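J.: There's a structure below that I have some questions on.
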Ligand code: MN
């Protein structure tokens with residue numbers, strides 16, 4: 001079996017993460033060889049059209065705001081499971097293998113009824129998390145720039161007011177779900193929440209940014225203090241990527 005480049009990068013990321021998290025004593029040479037460790041073996045791709053994207057940084061890159069162990073479980077276990085379940089669900093419908101997750105979620109009525117709930121939950125989980133890793137960065141935080149900065153100020157008065165409303169909505173989302181900044185059907189920016197892994201796309205909204213308020217996203221470090229997690233999260237927000245998503249939404 002030959003490794004594709006993305007697999008290699010993925011294994012490299014996983015190995016580096018394990019080492020920097022203090023999970024093993026490997027030397028720098030081992031990192032360069034990127035030999036599969038038991039940890040990276042567990043997150044090997046499952047068969048099917050949908051693939052788990054590698055984290056774009058190391059597990060510990062978002063510390064102290066999000067800890068390495070949370071990132072590792074969140075990406076390697078939770079997100080990986082959504083991808084596996086999604087692949088399993090579409091395996092008996094070959095036509096669906098050519099449909100993007102986004103398009104499936106935009107019109108779930110076109111998804112065969114026997115797998116509709118599975119696609120809603122796991123397709124949503126896959127798409128939401130694929131965005132989530134990208135809109136965070138170890139170089140994140142600070143003030144938004146570009147078109148999204150102007151749009152936020154116009155819609156919410158100030159960035160601080162926007163953050164306060166976003167945090168409030170996230171704190172009030174009962175149970176598991178997401179808090180979002182979306183571009184709604186009328187073309188306006190709006191703060192919304194969804195339950196479970198439901199995607200804003202299913203409501204006709206474009207998700208510009210979202211924060212995961214499932215307990216698995218914060219419980220190891222913050223326990224029940226979701227509000228503290230919501231507040232700390234702004235330190236890792238990748239505004240450049242969010243601006244790109246906004247420009248795509250309005251384009
Ligand atoms: Mn999650």
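Nothing in this text is a laboratory measurement; each read-out follows from the coordinates by a stated rule. The model shown is predicted, which means the values in this text are computed figures rather than measured ones. Every residue, glycine as well, gets a Cβ built from its backbone with ideal geometry; the counts of neighbours run over all protein chains shown.
J.: Give me the number: length gained by fully extending residue 161 to residue 202, i.e. 0.36 nm times residue separation minus the C-alpha to C-alpha distance, one decimal in nm.
T.: Separation in residues times 0.36 nm, less the Cα-Cα distance, equals 12.0 nm.
J.: Using only alpha carbon positions, build the gyration tensor of segment 146-250, then give the equivalent ellipsoid semi-axes as the square roots of 5 times its eigenvalues, largest first, whole angstrom.
T.: Value: 22, 16, 12 Å, ordered largest first.
J.: Separate question: What's the extension gain from residue 77 to residue 219 if we count 0.36 nm per residue and subtract their Cα-Cα distance?
T.: Result: 49.6 nm gained on full extension.
J.: Tell me, how many Å apart are the Cα centres for segment 60-84 and for segment 223-240?
T.: Distance between centres, Cα-based: 15 Å.
J.: For segment 223-239, list residues with backbone N below 19 Å from a point placed 7 Å from the Cα of residue 168 toward its Cβ?
T.: Output list for this probe position: 226-234.
J.: Could you list the residues of segment 183-198 with an amide nitrogen less than 16 Å from a label point located 7 Å from the Cα of residue 102 in the Cα-to-C-beta direction?
T.: 183-185
J.: If you don't mind, another one. Once you keep just the Cα pairs under 8 angstrom separated by 6 or more residues, what percentage relative contact order results for segment 146-250?
T.: 26 percent
J.: How much FRET efficiency would the formula 1/(1 + (r/R0)^6) give for residue 46 and residue 248, where r is the Cβ-Cβ distance and R0 is 25 Å, rounded to 0.05?
T.: 0.30
J.: Give me 137, 199 ranked fewest to most by other Cβ atoms within 10 Å of their Cβ, as a rough exposure proxy.
T.: Least crowded to most crowded, the residues run 137, 199.
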